[in-house]
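Trainee: The structure follows.
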Amino acid sequence: MPRQDPKVRGKNFKEVALGYTDEMAVREANRCIQCPKRACVEGCPVYIDIPAFILAIREGNIEEAVTILKSKNALPGICGRVCPQETQCEIVCSLAKKGAPIAIGRLERYVADWELKHGSNPGSSSSLLPSSGKRVAVIGSGPAGLTCAADLAKLGHEVTIFEALHVAGGVLTYGIPEFRLPKNIVQNEVDYVKSLGVEIRLDSVIGKLATVDELLEGGYDAVFLGTGAGLPMFLGILGENLNGIYSANEFLTRVNLMKAYLFPEYDTPIKVGRRVAVIGGGNVAMDAARCALRLGAEEVYIVYRRSRIEMPARREEVENAEEEGIIFKLLTNPKQFIGNDQGWVTAMECYEMELGEPDASGRRRPIIKPGSEFIIGVDVVVVALGTTPNPLVPSTTKGLEIAKAGTVVADEETGKTTKDRVWAGGDVVTGAATVISAMGAGKRAAASIDAFLRS
Amino acid sequence: MYKILANEPLVPNIHLIKIEAPAIARKALPGQFAVVRVDEFGERIPLTLADWDGEEGTITVLIMQVGTSTQKLAALNAGDHILNLAGPLGLPSHLDKFGTVVCAGGCYGVGAILPVARALKGLGNKVICIIEARIKNLLYWQEKLQQVSDELIVTTGDGSSGYKGWAYDPLKEMLEKGGKIDRVFAHGCTFMMMLTSEATKPFGVKTLVALNSIMVDGTGMCGCCRVSVGGKTKFTCVDGPEFDGHEVDWELLAARRTIYLEEEIRSLTHWECQRWYKPIVKVVEV
Ligand SMILES: Cc1cc2nc3c(=O)[nH]c(=O)nc-3n(C[C@H](O)[C@H](O)[C@H](O)COP(=O)(O)OP(=O)(O)OC[C@H]3O[C@@H](n4cnc5c(N)ncnc54)[C@H](O)[C@@H]3O)c2cc1C
Ligand SMILES: Cc1cc2nc3c(=O)[nH]c(=O)nc-3n(C[C@H](O)[C@H](O)[C@H](O)COP(=O)(O)OP(=O)(O)OC[C@H]3O[C@@H](n4cnc5c(N)ncnc54)[C@H](O)[C@@H]3O)c2cc1C
Ligand code: SF4
Ligand code: SF4
Ligand code: FES
């Protein structure tokens, strides 16, 4: 797939991957052998009929491809861009054994972009079922909340989404940067959900403005919690509160949600510094590092305690980051941060690590090499270690069972929680996961909520 | 969009702004704040709820003009709208019947302390309010505070009205004379809250301060507002803003509040140029 030149894209926030041309899409679609086993479908968490939509592309019937995709996935333009295809649909593609699986995600994106350009209107109210007279409150407007709300609205229920921030979209809006997922695509999906009759109330922090119990008493028949896993984790080591040390959430929120890359046109500032160290090896770390580069940092390091193959980030993004000149300091873990007398971070003392036996996650456990301490000079540090669910809703909702990790306990198939009339899904249940798994959970919960409302 | 119902300058650099916000007004409790984003370009800034009226559906904030966002807010008129307003945020003040309570306020904190004092009075405490200002002209809301306290002590840095000194001076004097004070609440600038805490520490009087760290979301999502209290990292927006002043790492808070000094000056200059020069340029073009 064509991409912006690394030297050019390292200085702008425009989308890196440019998408297939019509010819490229057809050529890729032609490679698909339409295997009867349909292994690829099993790899997709929402069971998209992959061979069928690829066949439609091959036959030049893109509108049909749109319909096939949208019947299972309300947000194909997003999933095609951000799904970890190499561990989901593409890894099980029959052609993967020969090392060249069909680029399913890229084809999905191609179809979604075609639709955006040719403007079909799937939100026309003719596809909605007649009103059921039931009301559902959806908390959070990330992929879980948006999907759940869309499905419930199509089934004829009156849905209100309550979102804490001033823009809808969850991580898609505040976390994943413009150059990987353009915000007009997210906005387009949000507009689609609104076109189904869903009301989105921004600036509404549930647990504060109203509790879940108040919503249930105040006229909502059911509540879906799609509040994500937004609470940042820190390392808990010396010097972590020094000026210049950000959580990835803060760094990315300033850049994406508050548009600090357009400062002073936009009022929210950000510190970039000359040398930036990003700690972590996931998508979040790659995004933060690549943002820092685009904001003008001269040297950007990814500091990760395991080796390259254990990195949980999408492979494509690791390659993109490397191409853009991000420096990988692998098998490295910070011991402490060192600051100057004005309270600014100036350096980071690190350990060298080596890999031991596999741990519970199946990855080899990193172990400190004794006496291996060394210093890296830095001006800004971004901690991208992961996140846990925000306790605002759990701590104010009676009768909701919470697991040790702070996640809400919910049935995997239905999303039902231990509290009557309350469902949950997405990162708030699983801990930080993926866009497509959050959507799958939103979908399953919508079906279960619908069944309950009709019983 | 949230409608501004009134914008009154109280003293030269502090404005009272009343905003239509029925849902927040219904739920607000003393010590809580709201996050405001004035316009499309705006930063998210926290402002303490200085008053509210659940029936009328309004909230009141006092803003001290220090930079771009507060200048933008002060420049709005009744009838204008602000783009975003989220609240009520933070934990409410920990109020109870303590006995004798001192409520100290400085800067915008003179207003922010009002709901705290009023609630404490309602709970049957003897409430002593102490407010401070650099000079007489910067004092405001004395009558309002008088109504909710048993005693109001006014201090000015230059002695132009009331006691010459700062809020912690009469407080220290009371404690040194052996006066029995069961609890102190302080709202104001970082320095004022630190000095108040230092004044009460030797006497072991529990002192609660409303910290003013820099925030982004105000919902616990970014960690920008982290402070150290009793050696533990806390998020001001969800664990506070009220903390035990004797446990706060003041040096860290003061340092973290200066992170963006350069950018704040640039931002203000940019906005002032936009605001004052652009219209003139346009007129010339026509
Ligand atoms: C930087 C970054 C990059 C990522 N990259 C990828 C990727 O490439 N591929 C991939 O598949 N996944 C990626 N992920 C993970 C993916 O984004 C998440 O798994 C997914 O967004 C979870 O969806 P969700 O709907 O459960 O929650 P979220 O997207 O987190 O949305 C939750 C929403 O709820 C709101 N909310 C929270 N509490 C309240 C409350 N009390 N009241 C009202 N609203 C509330 C939040 O403001 C938020 O908008 C990435 C994550 C991050 C942070
Ligand atoms: C819980 C809480 C309650 C507050 N209540 C009030 C109030 O009732 N009235 C009032 O006038 N002020 C209040 N403040 C302080 C107010 O938020 C800042 O003065 C305001 O954000 C400054 O923005 P600015 O753009 O005008 O100034 P800037 O030029 O951006 O900054 C001036 C100073 O304000 C602080 N500041 C900057 N940005 C932020 C931010 N996003 N969040 C917090 N502080 C920041 C910095 O220390 C900075 O040095 C409160 C702060 C907190 C944390
Ligand atoms: S939604 Fe994701 S996993 Fe499913 S087919 Fe599309 S890219 Fe693959
Ligand atoms: S497994 Fe691969 S080749 Fe087979 S149908 Fe699916 S995409 Fe096509
Ligand atoms: S302001 Fe973001 S966590 Fe407190």
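The values are calculated or read from the model by the stated rules, or taken from the named source; none is laboratory data. Model, not experiment: these values are computed from the prediction. Here Cβ is always computed from backbone atoms with ideal geometry, including for glycine, and neighbour counts include all displayed protein chains. Accessible surface is based on the protein model in full, side chains and every heavy atom, while ligands, DNA and RNA are left aside. Shrake-Rupley method; radii C 1.70, N 1.55, O 1.52, S 1.80 Å.
Trainee: Cut-off 17 Å, label point 7 angstrom out along Cα-to-Cβ of B:S161: give me the residues of region B:8-31 whose amide nitrogen falls inside.
Mentor: B:9-16
Trainee: Report the antiparallel proportion of the DSSP beta bridges in chain B as a percent, rounded to a multiple of 5.
Mentor: Working: 35 of 58 bridges.
Within chain B, antiparallel bridges account for around 60 percent of the total.
Trainee: 222 nm [θ] for chain B, helices only, -39500 (n - 2.57) per DSSP H run of 4+, per residue, to 500?
Mentor: Numbers: 10 runs with 84 residues, N = 286.
Rounded to the nearest 500, it is -8000 deg cm²/dmol.
Trainee: Work out the length of the dipole vector of region B:100-257 about its Cα centre, built from +1 on the beta-carbon of each Lys and Arg and -1 on the beta-carbon of each Asp and Glu, and round it to the nearest 20 debye. Intermediate results must be reported in sequence, preceding the final value.
Mentor: On the way: 18 positive and 17 negative charges, 25 e Å.
Once rounded to the nearest 20, the dipole reads 120 debye.
Trainee: Set the bar at 29 Å for Cα to Cα. Now go through A:K14/A:K416; A:K7/A:K194; B:K97/B:K234 and name every pair that lies beyond it. Don't skip to the answer; put the middle values down first.
Mentor: Values: A:K14/A:K416 40 Å; A:K7/A:K194 39 Å; B:K97/B:K234 27 Å.
From A:K14/A:K416; A:K7/A:K194; B:K97/B:K234, over 29 Å: A:K14/A:K416; A:K7/A:K194.
Trainee: If Lys and Arg each add +1 and Asp and Glu each add -1, what is the summed charge of the other residues whose beta carbon sits under 13 Å from the beta carbon of A:E401? Present the calculation step by step, with values, prior to reporting the outcome.
Mentor: Values: positive: A:K398, A:K404, A:K416, A:K419; negative: A:D411, A:D420.
Every neighbour counted, the sum reads +2.
Trainee: Grab the other residues whose beta carbon is less than 11 angstrom from that of A:G273, score K and R as +1, D and E as -1, and report the net.
Mentor: Numbers: positive: A:K271, A:R274, A:R275; negative: A:E298, A:E299, A:D379.
Surrounding charge for A:G273 is 0.
Trainee: Going by Cα centres, region B:47-110 and region A:377-445 are how many Å apart?
Mentor: 32 Å
Trainee: Shifting gears a bit: Students often get this wrong, so check it: of B:K18/B:K206; A:K72/A:K134; B:K121/B:K180, which have C-alpha atoms separated by over 26 Å? Present the calculation step by step, with values, prior to reporting the outcome.
Mentor: Values: B:K18/B:K206 33 Å; A:K72/A:K134 24 Å; B:K121/B:K180 17 Å.
Too far apart for the 26 Å limit: B:K18/B:K206.
Trainee: Another question about this same structure. Give the shape of the protein assembly as shown as rounded, prolate or oblate, defined through the alpha-carbon gyration tensor: a ≥ b ≥ c are the square roots of its eigenvalues, a/c under 1.5 means rounded, and otherwise the shape is prolate if a/b is larger than b/c and oblate if not. Working shown, then result.
Mentor: Details: a/c = 1.90, a/b = 1.59, b/c = 1.20.
Prolate is the answer for the protein assembly as shown, as a/c is 1.5 or above and a/b outweighs b/c.
Trainee: How crowded by other chains is A:259-267, given as the mean number of beta carbons from other chains within 10 Å of each beta carbon?
Mentor: On the way: counts 2, 2, 0, 1, 7, 12, 4, 5, 18.
Shielding by partners across A:259-267 averages 6.
Trainee: Put a dot 7 Å past each Cα toward the Cβ at B:T233 and B:A75; how far apart are the dots in nm?
Mentor: 3.7 nm
Trainee: Calculated FRET efficiency, A:S455 and A:R201, Cβ-Cβ r, R0 22 Å, to nearest 0.05? Display every interim value, and only then the final one.
Mentor: Numbers: r = 28 Å, r/R0 = 1.26.
Calculated transfer efficiency: 0.20.
Trainee: So for the pair A:T418, A:T87, with labels modelled 7 Å out along Cα→Cβ, what separation do we get in nm?
Mentor: 2.9 nm
Trainee: Follow-up. Average partner chain C-beta neighbours within 10 Å, per residue of B:67-74?
Mentor: Working: counts 1, 4, 2, 0, 0, 1, 0, 0.
That works out to 1 on average.
Trainee: Say the cut-off is 25 Å between C-alpha atoms; which of A:K271/A:K329; A:K208/B:K144; A:K183/A:K398; B:K3/B:K72 go over it? Kindly include the intermediate steps, with their values, before the conclusion.
Mentor: On the way: A:K271/A:K329 22 Å; A:K208/B:K144 28 Å; A:K183/A:K398 36 Å; B:K3/B:K72 15 Å.
Beyond 25 Å between Cα atoms: A:K208/B:K144; A:K183/A:K398.
Trainee: Could you tally the net charge around A:E352, taking each other residue with its Cβ under 12 Å from the Cβ of A:E352, Lys/Arg +1 and Asp/Glu -1? Intermediate results must be reported in sequence, preceding the final value.
Mentor: Numbers: positive: A:R305, A:K329, A:K335, A:K369; negative: A:E349, A:E354, A:E373.
After counting each charged neighbour, the total is +1.
Trainee: Can you give the FRET efficiency to the nearest 0.05 for B:Q147 and B:D244, using r as the Cβ-Cβ distance and R₀ = 25 Å?
Mentor: Working: r = 29 Å, r/R0 = 1.15.
Approximately 0.30, to the nearest 0.05.
Trainee: Still on this structure, I have one more. Taking a cut-off of 18 Å between Cα atoms, list the lysines near A:K98, but don't count ones fewer than 8 places away on the same chain.
Mentor: Cα-Cα hits under 18 Å: A:K37.
Trainee: Let me ask something else about it. To check my understanding: the extent here is largest minus smallest coordinate of the Cα atoms along each principal axis. What are those three numbers for chain B, in Å, largest first?
Mentor: Projected onto the principal axes, the Cα atoms of chain B cover 72, 40, 40 Å.
Trainee: Please calculate the 1.4 Å probe accessible area of B:F191, with all protein chains present, and give it to the nearest 10 Å².
Mentor: About 130 Å², ignoring ligands and nucleic acids.
Trainee: Hey, what number do you get for chain A at 222 nm if only DSSP H runs of n ≥ 4 count, each worth -39500 (n - 2.57), divided across all residues, to the nearest 500? Don't jump to the answer; show the numbers that get you there.
Mentor: Details: 16 runs with 146 residues, N = 455.
One gets -9000 deg cm²/dmol as the mean residue ellipticity at 222 nm.
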